[in-house]
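Worksheet for the structure shown next.
The values are calculated or read from the model by the stated rules, or taken from the named source; none is laboratory data. Here the structure is a predicted model, which is why all the values come from computation and not from measurement. Using ideal geometry, Cβ is built from the backbone for each residue, glycine included, and neighbour counts are taken over all protein chains shown. Just the protein is used for accessible areas: all its heavy atoms, side chains included, with ligands, DNA and RNA removed. Shrake-Rupley method; radii C 1.70, N 1.55, O 1.52, S 1.80 Å.
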Amino acid sequence: MSNSRLKRFEARTTYLHAKVGNILKEIGEEIGTSSFTDVTSASFDRRGITKDKLSGWLGSLCKVMDDVFMPFVGGVTNYIEKYEQLEEERVEDKKTIIQLQNELIVKKDAEIATIKESLHSTVEKEMKSYASTVSQNCSKALAPKRISAAIKCATEKEDRRRNIIVYGVEEAVGEKLVSKVEGILEEMGEKPVIKDCCRLGMKKKDAIRPIKFSLNSSDMVRHVLLKSKLLKGIEKYKSVFISPDRTLEERVAYREARDKRKKETVSSRKDTESPTPT
């Protein structure tokens, strides 16, 4: 109940108490009592208490009941109904939360199953390759290494999918990396669980090392990467750049593609700015 409604409630209660109190005081004075515990019909059998006076008292009480008490009861009833409605909504919200939690658990289980299936498929392909190599009288010593390498490659690839690299975040002695990363993500409207947060490489005097951290799923990583462009519009994070965790080969390919796009953009601008011959 809000403060204004509570004040109105208290005011009506005070008014009702005063009105009924005045009427009962007048009646008590007429019948000679201040307590109505033992009042009977005989108490009103007194000279001076006429039918008109009794009718007046009854009318006054009825008016108080009609003007104040009945609206007061109606208001209390409305508050009770509103409370019951809010309680029902709270129960429904709780059910919704439980349902969403169950759906999240199911999705996580499905993602784990997908990872296992991917690993199994990769190992199975390498095993077939191994069998083919053996049938062609190739070295048997190579097969276990290839299997191990395939498993390691698949595992590292899946791990990288859950990683994010952040460039351009200033270093400081005793810095709290998780808090820094959380601040950046909150500017993007995200609050995921951050794991394994660290700087990459050896510390150098004139270089800022990138930050690597992990999230719970590759889906969350993709979501954060899609929203990373929002940082360009935030003054203190204009120099911060977020990227996926790429391998050395992927970084080289990305850099070459980026340089190529830059050259094409510059060439296109030159063509546009060149004067048209007359």
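A quick yes/no check of all residues on (1) hydroxyl-bearing (Ser, Thr, Tyr); (2) in contact with a Lys or Arg (Cβ under 8 Å, 6 or more places away or on another chain):
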position: LYS176; (1), (2): no, no
position: GLY183; (1), (2): no, no
position: GLU187; (1), (2): no, no
position: PRO192; (1), (2): no, no
position: LEU200; (1), (2): no, yes
position: ASP206; (1), (2): no, no
position: SER214; (1), (2): yes, yes
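Note on segment 227-267: residues that are open to solvent by 60 Å² or more (accessible area, probe 1.4 Å), closer than 14 Å to ILE184 by Cα and free of Cβ contacts under 8 Å to residues at least 60 places away in the same chain amount to 7. In this structure, is VAL76 within 20 Å of GLU26 (Cα to Cα), of a type in the set (Val, Ile, Thr), modelled with pLDDT under 80 and part of a helix (DSSP H, G or I)? The answer is no for VAL76.
Listed by first and then second residue, the pairs linking a residue in segment 47-61 that is of a type outside the set (A, V, I, L, M, F, W, C) to a residue that is surrounded by 10 or more Cβ atoms within 10 Å (Cβ to Cβ), with Cβ atoms under 6 Å apart and 6 or more places separating them unless they lie on different chains, are SER60/ILE23. Residues in segment 201-215 that are touching a residue at least 12 places away in the same chain (Cβ under 8 Å) and either open to solvent by 60 Å² or more (accessible area, probe 1.4 Å) or of a type in the set (Lys, Arg) (or both): 4 in all.
Taking the condition among the basic types (Lys, Arg) and touching a Ser or Thr at 6+ places or on another chain (Cβ under 7 Å), does LYS205 pass? For LYS205, the condition - among the basic types (Lys, Arg) and touching a Ser or Thr at 6+ places or on another chain (Cβ under 7 Å) - is not met. Considering segment 176-189, and only residues there that are free of Cβ contacts under 8 Å to residues at least 12 places away in the same chain and open to solvent by 50 Å² or more (accessible area, probe 1.4 Å), the residue that is farthest from SER243 (Cα to Cα) turns out to be LYS176.
With a requirement of 3 or more residues that are modelled with pLDDT under 90, of a type in the set (A, V, I, L, M) and under 27 Å from the mean Cα position of the chain (by Cα), none of the strands (runs of 3 or more DSSP E) lying completely within segment 159-278 satisfies it.
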